[in-house]
Amino acid sequence: MKHSRHPKGFTLVELIISVAALSLVCALVLKLFLLCLELNQRAEIKQQAVLTAANIMETIKVMESAEEFELSEFNTDPDGLVSRVRMELVEELSSQFGKFYSIKVEIISREKSVYELNGGKYFTDAE
């Protein structure tokens with residue numbers, strides 16, 4: 001039985017160090033993956049908020065009078081990403097021909113304001 005000075009294989013210390021290094025790399029990759037997943041979810045919520053606000057503004061744009069303004073008419077979010085829509089319709093200017101309203105649409109998701117869209121609409125007096 002001959003013992004050589006250069007044994008083949010790895011020692012226990014080398015194996016422990018390599019497993020620890022591999023575990024560290026795996027943990028970093030997993031953290032990066034979870035961060036990318038969170039950023040993707042935020043982007044999806046933001047995109048849905050922008051589409052919802054634009055949909056509401058387009059609906060208001062075609063209204064004939066301010067009395068038609070009802071939040072219940074708007075299909076805010078079929079996917080459920082937007083939890084709440086806060087809207088304000090404030091009369092700014094009034095003349096003998098009609099009224100100008102400032103419109104603010106705020107999209108709220110997870111109790112945080114995600115997107116805000118401001119606009120205006122002039123409603124003529126229908127007579």
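Annotations
- Matching option when the condition is β-branched (Val, Ile, Thr) and at pLDDT 80 or above, among Val82, Val90, Val105: Val105
- Pairs are defined by a Cβ separation below 6 Å, a sequence spacing of at least 6 or placement on different chains, a first member in region 48-61 that is within 13 Å of Val82 (Cα to Cα), and a second member that is part of a helix (DSSP H, G or I) and among the basic types (Lys, Arg); no pair meets this definition.
- Residues of region 14-33 include at least one that is outside any loop (DSSP other than H, G, I, E, B), charged (D, E, K, R), farther than 20 Å from Tyr115 by Cβ and at pLDDT 85 or above.
- Members of region 56-70 that are at pLDDT below 75, surrounded by 12 or more Cβ atoms within 10 Å (Cβ to Cβ) and either hydroxyl-bearing (Ser, Thr, Tyr) or assigned to a helix (DSSP H, G or I) (or both): Ser65, Ala66, Glu68
The values are calculated or read from the model by the stated rules, or taken from the named source; none is laboratory data. Note that the structure is a prediction, hence the values are computed from the model and not measured. In this analysis, Cβ positions are derived from the backbone assuming ideal geometry, glycine residues included, and neighbour counts consider all displayed protein chains.
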